[in-house]
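A quick write-up on the structure given underneath.
The values are calculated or read from the model by the stated rules, or taken from the named source; none is laboratory data. These figures come from a predicted structure and were not determined experimentally. Counting neighbours? That spans all protein chains shown, and the Cβs are built from the backbone with ideal geometry, glycine included. Just so you know, the surface numbers come from the protein's heavy atoms only, side chains and all, with ligands and any DNA or RNA stripped out. Shrake-Rupley method; radii C 1.70, N 1.55, O 1.52, S 1.80 Å.
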Amino acid sequence: MTGPGGALRIVHIITGLEVGGAEITLSRLLGALPSQEFSSSVISLLPGGVVAGWIRDLGVPVRSVEMFRGIPTPAAAWRLRRLVRTLQPAVVQGWMYHGNLAAWYARWGLDRAVPVAWNIRQTLYELRRERPGTRLVIAAGARLSPGISAVVYNSELARRQHEAYGFRPPLARVISNGFDCERFRPAPDARAALRAELGIPANRLVVGMVSRWHPMKGHETFFAAARLVLDRGLDVAFVCAGRGVTAANPRVSAALERQGLGGRVYLLGERSDTPRLYAGFDVSCCSSSWGEGFPNAVGEAMACGTPCVVTDVGEARALVGDAGRVVPPGDPAALGAAVGTLLAAGTEARHRLGAAGRARILREFSLQRMAEAYADFYRHLAGLVGKSIERAD
């Protein structure tokens, strides 16, 4: 139950550790929690993943039950319970829908009551937009939620939407994502370096988006908006980074061809130098159509001093505040108009807006603030062993 020096043992169970919003947030949290008070371990259902290496570099052990996508095997389920039993946690924390159910299941392998918390990282606009298997997992989560200890949501909207679908945990907390403002910060040389790397003329404006390829991320809306910006006569290049965002992806290539964007869009795939990318953009976009909870890409760009245009999905509006522009989702004309207005406003106006965005992140969404909220949450849960949990309003 406690690790070296009496530290509380927290076991985090997550679906996988490829680069994604939940995975990155977990990595940041583990690096920011006070190690003298919390002894952390991570169990990934799926094998491998870039973020697994990041977490190990923090000195946090990472184990996998070597499960593969699809129906879990009895052997994988047995490995999961054995791992959790060996680690003897004070708190079991699930991450994302599948990791949450795994955390519920793994708790039953222990010989004592251990609080189980779930972590829900997305909004839930319409269940039909999820994959059939994910719909079943969400339905199971709603049914099982009264029997766990607590749920953490990363946005108030996610909490309301999931409760409307029947999630009824005894305790619910909203903890916003936090951002490392030392790593994500303005870099005066980033603009020139990005253009030099990609062969973009030094004076050409750059609009960027960092997001993995997925229908909910709205890349097609972004590409259609890019076409409209170019049609205004603005000299702009568009840079897209993220897993699956490459010319080898036929859906990406087809979307670019439909918009006639050849030569104006640079596809970088997954990158590890995202702070440099954000700092090199003149404007950063988030064009998600649904599903976003609390978009990391927006907070990271703001921390780098880059003004953002975002769609009104999840907590993007609350994150940006008055330090960016918010447009309806799935509306290329509105997205293109907002981007074009920021580009036409000039360098000084964009710098002022970017500075206001960074100040907002420092003030309200710092990594330390998020870590303190989770630390308080885990202290509370650990103190509930053997006690009933009062239902939160």
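The table for this structure:
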| quantity | calculated |
| --- | --- |
| Highest average packing first - 368-376, 111-119, 277-285, Cβ atoms within 10 Å | 277-285, 111-119, 368-376 |
| Region 61-215, relative contact order in percent, only Cα pairs under 8 angstrom and at least six apart counted | 15 percent |
| Charge dipole magnitude, Cβ of K and R +1, D and E -1 - region 238-393, Cα centre, debye nearest 20 | 220 debye |
| ³J(HN,Hα) computed for each position of region 262-268 - Karplus, 6.51 cos²θ - 1.76 cosθ + 1.60, integer Hz, glycine/proline x | x, x, 10, 10, 10, 9, 9 |
| Paramagnetic label zone (point 7 Å from Cα along Cα-to-C-beta, Asp273; backbone N under 14 Å) in region 160-190 | 187-190 |
| Check: the chain dipole with +1 on Lys, Arg Cβ and -1 on Asp, Glu Cβ, in debye | 800 debye |
| Highest-first arrangement of 295-305, 86-96, where packing means the average Cβ count within 10 Å | 295-305, 86-96 |
| Region 79-100 versus region 335-383: alpha-carbon centroid distance in Å | 32 Å |
| Other-chain or far-sequence residues with amide H under 5 Å of Val206's (modelled H) | Ala237, Asp282, Val283 |
| Surface accessible to a 1.4 Å probe, per residue, for the residues of region 52-167, Å² | 47 Å² |
| Relative contact order of the chain, defined on C-alpha pairs under 8 angstrom at six or more residues apart (%) | 16 percent |
| Amide H partners (placed H, <5 Å) of Ala172, local residues excluded | Val151, Ala392 |
| Cα gyration tensor shape of the chain, rounded if a/c is under 1.5, else prolate or oblate by comparing a/b with b/c | prolate |
| Charge dipole of region 159-210 about the Cα centre (unit charges at C-beta), most positive-ward option of Val174, Ala192, Leu205 | Val174 |
| Fraction of accessible area attributable to carbon and sulfur, the chain (%, probe 1.4 Å) | 53 percent |
| Rounded, prolate or oblate (a/c below 1.5 giving rounded, otherwise prolate when a/b exceeds b/c) for region 160-243 by Cα gyration tensor | oblate |
| Net lengthening on full extension, Asp189/Glu126 (0.36 nm per residue, minus Cα-Cα) | 18.4 nm |
| HN-Hα J in Hz across region 104-118 - Karplus 6.51, -1.76, 1.60, θ = phi - 60°, x for Gly and Pro | 4, 5, 5, 4, 6, x, 8, 9, 8, 6, 10, x, 10, 10, 9 |
| Linear extension gain, Asn249 paired with Glu37, 0.36 nm per residue minus alpha-carbon span | 71.8 nm |
| Net charge contributed by nearby residues that have their C-beta within less than 9 Å of Leu46 (K/R +1, D/E -1) | -1 |
| Label-reachable residues, region 87-102, where backbone N falls under 19 Å from a point 7 Å from Glu66's Cα toward its Cβ | 87 |
| Length added when fully stretched, Gln88-Ala359, from 0.36 nm per residue minus Cα-Cα | 93.4 nm |
| Gyration tensor (alpha-carbon) shape descriptor, region 252-296, a/c threshold 1.5 | oblate |
| Within the chain, helix-based [θ] at 222 nm, where runs of 4 or more DSSP H residues each add -39,500 (n - 2.57), nearest 500 | -13000 deg cm²/dmol |
| Which of Thr246, Ala373, Val91, positive extreme of dipole for the chain (C-beta unit charges) | Val91 |
| Dipole magnitude of region 120-238, debye to nearest 20 (Cβ charges: Lys/Arg +1, Asp/Glu -1, about Cα centre) | 380 debye |
| For region 33-78 versus region 162-213, the gap between their alpha-carbon centres in whole angstrom | 24 Å |
